[in-house]
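The values are calculated or read from the model by the stated rules, or taken from the named source; none is laboratory data. On a predicted model such as this, the values are computed, not experimentally measured, just so you know. Positions of Cβ are backbone-derived with ideal geometry, glycine not excepted, and every protein chain shown enters the neighbour counts.
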Amino acid sequence: MSKNNLASWRWWLGFQERLVREKPIRSYGITIMIPVYNEEKSIAETINGALSQTVAIEEIIVVDDCSSDRTGEIARSMGVTVIRTDSNQGTKATAQKYVLERGFVKTELFITIDGDTLLAPDAVERTLPYFNDPMTGSVCGYVIPAKIETVWERGRFVEYLFSLSLFKMAQNHIGAVMVSSGCFTVFKTALVEELGGFNTRTMAEDMDLTWELSMRGYRIYCDNNAFCYPYDPPTGKIFVAQLDRWYRSFFQNMAIHWKDLLKRDRKLAAVAMGYMFDGGLFLIVLMWAILYAVLHLTFTSLLMALALDTAIVATFALIEGIRIGRFWQVLVCLPSYQVTRSVTMFVFWRSMWKEWIAKDTLKVWVKGH
């Protein structure tokens, strides 16, 4: 195999481009922004993670969106800046926009993390070398659930490892990352302000901004060693509600951007269409297998379809589990994935129906815990 061919396959093994193995060429002023609403149970842990970073953080701003609990009080007691909005903004995007528009962020870079997300100590440091590239628009981290106990958390854990190690790293490799996740992303302040901040026209301001940056020629990166640990849905009800927001937000963004994507960023357009295809493919294959099983009075085809899907997911998830030192935990969680996978496919199609057919646009933010 030639050197070039070998390099083109390096991302499959989890290796990163040469740029990100270098150190930052200079230092940066950094602000961490944490939009919150009633996060008194997790905000202290989130702030401690921000305070424990291995690089200097100039300011930590907690955007208290009129919480009715002790969130703001706890944050103030920890010595960080707390900005309480005039009235409840309703969504994470509007809360972040509130701070940016008023000029509270004064550093060259700022970071968005959720109020229920813990950063690994070196998470921010690992993102900084990407900004050696002047065309870097944003850099997001690698997501692992903070708790992995219920069937829903276990299934999500496997889903993260599979999708991040395969799809996200593939997107990273070709320069078409579909979303710079809002639970932990580093942005260039001036660039985001130039684009008008976080847009409120969809329920996924992170995806909306990612696509705007990408269509303007900026690179979006994901570092697979910059770990963040959000609290994912522990129950089926919350799991479905969060998935519904994620998928309906995706369909909202597709409705707004698809023409521009085809004109200005065909790689990202292909990735978005691939995401839709992947979302529907499993259900189509499963329906075919069930129909075949009923018509031929055999469940062999159904079992084969499920076995093939499981084998593909398990292979990538277990390899990734080895890389991050969690092989046995992944192995134990694999059965839960088929439960959450089935629910995920149902919500995918239901969300598409509501947004595109029924025109029942989602306008209410649903928390993931």
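General remarks:
- Residue within segment 16-25 that is surrounded by fewer than 22 Cβ atoms within 10 Å (Cβ to Cβ), β-branched (Val, Ile, Thr), assigned by TED's automatic domain parsing to the domain that holds Asp206 and at pLDDT 95 or above present: no
- Given (1) among the hydroxyl-bearing types (Ser, Thr, Tyr); (2) surrounded by 21 or more Cβ atoms within 10 Å (Cβ to Cβ); (3) out of contact with any strand residue (DSSP E or B) (no Cβ under 8 Å at 6 or more places or on another chain), index of the condition Thr235 fails: (2)
- Within segment 32-48, being crowded, with 21+ Cβ neighbours inside 10 Å and assigned to a helix (DSSP H, G or I) holds for Ile43, Thr46, Ile47.
- Filter pass, Gly197 being more than 12 Å from Leu100 (Cβ to Cβ) and in a loop (DSSP other than H, G, I, E, B): no
- Leu243, sole failed condition from (1) over 14 Å from Ala272 (Cα atoms); (2) assigned by TED's automatic domain parsing to the domain that holds Met135: (2)
- Inspection of segment 191-211 identifies no residue that is in contact with a Phe, Trp or Tyr (Cβ under 7 Å, 6 or more places away or on another chain), aromatic (Phe, Trp, Tyr), in the same structural domain as Gly29 (by TED's automatic domain parsing) and surrounded by 23 or more Cβ atoms within 10 Å (Cβ to Cβ).
- Looking only at segment 134-176, and only at residues there that are more than 16 Å from Ile312 (Cα to Cα) and of a type in the set (S, T, N, Q), the one that is surrounded by the fewest Cβ atoms within 10 Å (Cβ to Cβ): Thr150
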